[in-house]
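The values are calculated or read from the model by the stated rules, or taken from the named source; none is laboratory data. Predicted model only: the values in this text are computed from it and were never measured. Here the Cβ positions follow ideal geometry from the backbone for every residue, glycine too, while neighbour counts run over all protein chains shown.
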Amino acid sequence: MSTGGDADGIRQGAVPAPRSAELPLPPAAVPAGPHDGDIADGLAEAYWSVYDGAASKATVGQILARLPRIVRQIGQLAWNADRAATIAVAVLQPRLGPPEHPRLPRHA
């Protein structure tokens with residue numbers, strides 16, 4: 001099957017010969033975007049951008065009030081993903097304690 005391209009006379013796996021014609025230079029300048037306005041004019045605001053800065057404005061009380069719900073959501077996600085691993089972590093992690101970091105002092 002012939003496509004009419006430059007690769008028609010080249011064997012599979014062979015290195016092609018150097019180009020016989022020079023390629024044109026790329027343009028000196030390319031437009032950066034629409035000329036009639038801001039490039040972001042047509043974008044809709046993302047649903048999560050409503051919460052930008054909410055964590056920095058939250059009080060300790062608000063964070064502690066949400067903590068049980070967050071832990072419950074994480075537990076449900078883990079349970080749905082892998083029940084055996086969730087049980088193993090819930091049973092073994094309190095017995096093993098937190099992992100030790102090489103740069104932190106060891107507990108006596």
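In region 1-106, counting only helices (runs of 4 or more DSSP H) that sit wholly within it, the ones holding 1 or more residues that are out of contact with any Leu (no Cβ under 6 Å at 6 or more places or on another chain) and modelled with pLDDT of 90 or more span 60-81, 83-96. Taken over region 80-94, the residue count meeting the criterion of being surrounded by fewer than 10 Cβ atoms within 10 Å (Cβ to Cβ) and touching a Gly at 6+ places or on another chain (Cβ under 9 Å) is 0.
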